[in-house]
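Reading through the structure tokens given below for one structure.
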Protein chains: 2
Amino acid sequence: MNPARRIREEIAASIQSGEWRPGDRVPTEQELAARYGCARATVSKALGELAASGLVERRRKAGTFVAHPPVHSAVMTVPDLAELIAARGEAYRWELASLETADAGDDLAGPALRIEGVHMAAGEAFALERRFIALGEVPEAADADFARVAPGTWLLGHIPWTQARHVIRAVNPTRKEAALLTTGVGAACLELDRTTWRAGRVVTHVRQLFRGDRFDLVAEFNAGP
Amino acid sequence: MNPARRIREEIAASIQSGEWRPGDRVPTEQELAARYGCARATVSKALGELAASGLVERRRKAGTFVAHPPVHSAVMTVPDLAELIAARGEAYRWELASLETADAGDDLAGPALRIEGVHMAAGEAFALERRFIALGEVPEAADADFARVAPGTWLLGHIPWTQARHVIRAVNPTRKEAALLTTGVGAACLELDRTTWRAGRVVTHVRQLFRGDRFDLVAEFNAGP
DNA sequence: CCTCATATTATGTCTAGACATAATGGCGCA
DNA sequence: TGCGCCATTATGTCTAGACATAATATGAGG
């Protein structure tokens, strides 16, 4: 076993088991180097990685300490709907409802495509989608065939490395939305709002609406290495 | 500016601007070391950090490549309700409804506390909570005063470094729940289910129910260093 | 032309030492 | 006693070199 990895894992285990509690002091690099019989740089690397993963906190001169756990954070994975539905073993289809060039959404500067459509799973409506794509940021979108391919899927291959912000809420559908989702206005739906930036400018904004009884989101948190 | 930091930031900028596209090859450590006039170990550290943050992918012999962006992942922060409500400038209060020792929840081994109560904001019900606490894992919980302090708040100070899994869905409340939340059974509510582990064993399981028009979750994704 | 062994190469890890930096604790001075 | 300065100390960063490892590219043989 790598010395660095061994140090990392042993310290992580001490923390996760509760043996070392938040705020406790971790031995100094020198002590650990002596204990594990390796160079200080190796210990430093191991501790640096633990710090990067949030398990410990390092302060010059003061030393290394077991970090206080984050209040509650977790990594949520929002799958591509085509993949999600395929993974369920159901037939996926995208149905374009409307496509037009709108001028200026809320936070989109300049002209944008406004796309509405339905994600179908096994012949039934699975999710409604309304999307804006900033043409100033993704001019190729004007030539894409959104009747054939869902805009989300198309974008995946055309906009690398963006930032995103999701807002998740429970809403009641409008009468029209309820009809499209084959449910009633009194049935809870999950709304997912995602805004995507690149270099500080909005690339796309999408609102997806799911029937509450057909979809849920999962987020996980696993500390450490 | 640090050489390591400079390398990291320049490469990250090249990727985030879209100049280097997913799959593109990043110069080798030797080339970068020569270009930046530093040791290979320094370049290696910078690239290692970029790899840890997911921006590049490294394969032995093959080289370093711009990573393909994750389908869609984001970090969600689930605030402590007491803090959330206080941050809104409203008075927070926890109202215990029932507390009993139940034997075995779904995935809890052994005896557990079963706690029900309401989180109040400005005198109105903000969220319903039903929680199990595994007494085998947190025996001190038996002595805590859950009439005075909300179990979530209490646990924050008593169980360091756990893993967690959240399931988020939109549901309709039961008649009883609707009454407690002063709303109707046709009003969409957000349900948050959180299971918390330590060392592979369930510590606590909580279900929180929010009025859809009063609460939403936010998740963000920011790539890079 | 295909397959398998081998040489090459880029990353992975480590060392021993050096200097930088920042924060703390204590010492000296007022 | 109280304040501010300074030495100490732990981390932060870097170097030059070494060896390990794994995957690709190449060449030999079938």
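Averaged over the residues of peptide A:183-196, the number of Cβ atoms from other protein chains lying within 10 Å of each residue's Cβ is 4.
The charge dipole of the protein assembly as shown, taken about the Cα centre with unit charges on the Cβ atoms of Lys, Arg (+1) and Asp, Glu (-1), comes to about 1420 debye, rounded to the nearest 20. Between A:Leu135 and B:Asn222, what FRET efficiency comes out of the Förster formula 1/(1 + (r/R0)^6) with R0 = 30 Å and r the beta carbon distance, rounded to 0.05? Step by step, r from the Cβ atoms, then E = 0.75. The value of relative contact order for region B:1-129, using C-alpha pairs under 8 Å at least six residues apart, is 17 percent. A viscosity of 1.002 mPa s and a temperature of 20 °C, combined with the Kirkwood radius over Cα pairs in Stokes-Einstein, give a translational diffusion coefficient for region B:1-115 of 115 µm²/s.
Between the Cα long axis of helix B:40-52 and the first principal axis of chain B there is an angle of about 30°, rounded to the nearest 10. Peptide A:66-72 shows a mean partner chain C-beta count of 5 within 10 Å per residue C-beta. Contact order, relative form, for region A:75-220: 23 percent (alpha carbon pairs under 8 Å, 6 or more residues apart, mean separation divided by residue count).
Taken over the Cα atoms of region A:3-66, the convex hull encloses 72 Å³ per residue. Relative to the other identical copies, B:Ala97 shows label-point distances of 3.6 nm, where the label point lies 7 Å from Cα along the Cβ direction and values run shortest first. The trypsin sites (Lys or Arg not before Pro) found in region A:141-202 that occupy coil by DSSP, while having at most 13 further C-beta atoms within 10 Å, are A:Arg148. Around the Cα centre of chain A, unit charges on the Cβ atoms of Lys, Arg, Asp and Glu (plus for the first two, minus for the last two) sum to a dipole of about 1000 debye. Couplings for region A:116-128, taken from phi via the Karplus curve 6.51 cos²θ - 1.76 cosθ + 1.60 with θ = phi - 60°, read 10, x, 10, 8, 9, 10, 6, x, 10, 5, 9, 7, 9 Hz in order; Gly and Pro are left as x.
Computing Rg and the Kirkwood Rh from the Cα coordinates of region B:75-220 gives a ratio, Rg/Rh, of 0.95. For region B:3-66, relative contact order (Cα pairs under 8 Å, six or more residues apart, normalised by length) works out to 43 percent. Taking every protein chain into account, the accessible area of region B:3-66 amounts to 56 square angstrom per residue (probe 1.4 Å). Near the amide H of B:Ala67, within less than 5 Å, lie the amide hydrogens of B:Gly23, B:Val56, B:Glu57, all on another chain or at least 5 residues away, with H placed in the peptide plane. Dimensions of the protein assembly as shown from C-alpha coordinates, computed as largest minus smallest value along each principal axis and given longest first, are 66, 65, 43 Å. Backbone geometry of region B:199-216 corresponds, through the Karplus equation with coefficients 6.51, -1.76 and 1.60 at θ = phi - 60°, to 3J(HN,Hα) couplings of 6, x, 10, 5, 9, 8, 9, 9, 10, 10, 10, 10, 5, x, 8, 10, 8, 9 Hz, x marking Gly and Pro.
Backbone amide hydrogens, once placed in the peptide plane, bring B:His72 within less than 5 Å of A:Val78, excluding anything fewer than 5 places away on its chain.
For chain A, adding -39500 (n - 2.57) for each run of n ≥ 4 DSSP H residues and dividing by the number of residues yields -7000 deg cm²/dmol at 222 nm. In summary, the lysines within cross-link reach of A:Lys61, defined as a Cα separation below 22 angstrom excluding same-chain residues under 8 places away, comprise A:Lys45. Computed across region B:109-191, the Kirkwood radius stands at 14.6 Å (inverse of mean 1/r, all Cα pairs).
Applying a DSSP loop filter and a limit of 16 other Cβ atoms within 10 Å to the GluC sites (Glu not before Pro) in region B:1-95 leaves B:Glu19, B:Glu90.
The values are calculated or read from the model by the stated rules, or taken from the named source; none is laboratory data. Worth saying up front: this structure is predicted, and the values here are computed from it rather than measured. For neighbour counting, all protein chains shown are included, and Cβ atoms are generated from backbone atoms with ideal geometry for every residue, glycine included. Accessible surface is based on the protein model in full, side chains and every heavy atom, while ligands, DNA and RNA are left aside. Shrake-Rupley method; radii C 1.70, N 1.55, O 1.52, S 1.80 Å.
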